[in-house]
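Heads up, the thing below is written out as structure tokens.
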């Protein structure tokens, strides 16, 4: 999405949403829940407008279904973890940034950067290619 394609007055925002899978079996909900963090890119007039859009998208994603054990699984929107204005300093393909201080990151990159095989898209890709 190019910044030049935004509607007049709109800005790009990135929202980090939190969802949970709540499983109810025999009327009792699990307490330790699988969760999903989802990153959205939004166009909005302001931070408040972006927050409203992010919450609306989160609520629209909610659903439920029966699992194989006879329980009900509720996929529920918990809330917005973070909201970032992707201002003009961001490149077109950039969807998130975070500033932090680290002690000698280049010298410690072997400790900080995970092995490529463990990156989710790579690990999933190799898992799927083995099944083919």
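The values are calculated or read from the model by the stated rules, or taken from the named source; none is laboratory data. Bear in mind the structure is a predicted one, so any value in this text is a computation, not a measurement. All Cβ positions, glycine included, derive from the backbone under ideal geometry; neighbour counts span all protein chains shown.
Summary of values
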| read-out | value |
| --- | --- |
| Per-region count, segment 57-78, residues exposed (fewer than 11 other Cβ atoms within 10 Å of the Cβ) and either in a helix (DSSP H, G or I) or under 14 Å from the mean Cα position of the chain (by Cα) (or both) | 2 |
| Test result for residue 2, surrounded by 13 or more Cβ atoms within 10 Å (Cβ to Cβ), modelled with pLDDT under 95 and under 30 Å from residue 94 (Cα atoms) | no |
| Residue 50 vs. criteria in a helix (DSSP H, G or I), modelled with pLDDT of 95 or more and over 20 Å from residue 20 (Cβ atoms) | yes |
| Enumeration of residues in segment 92-113 that are surrounded by 10 or more Cβ atoms within 10 Å (Cβ to Cβ) and without any contact (Cβ under 8 Å) to a residue 12 or more places away in the chain | 94, 105, 108, 112, 113 |
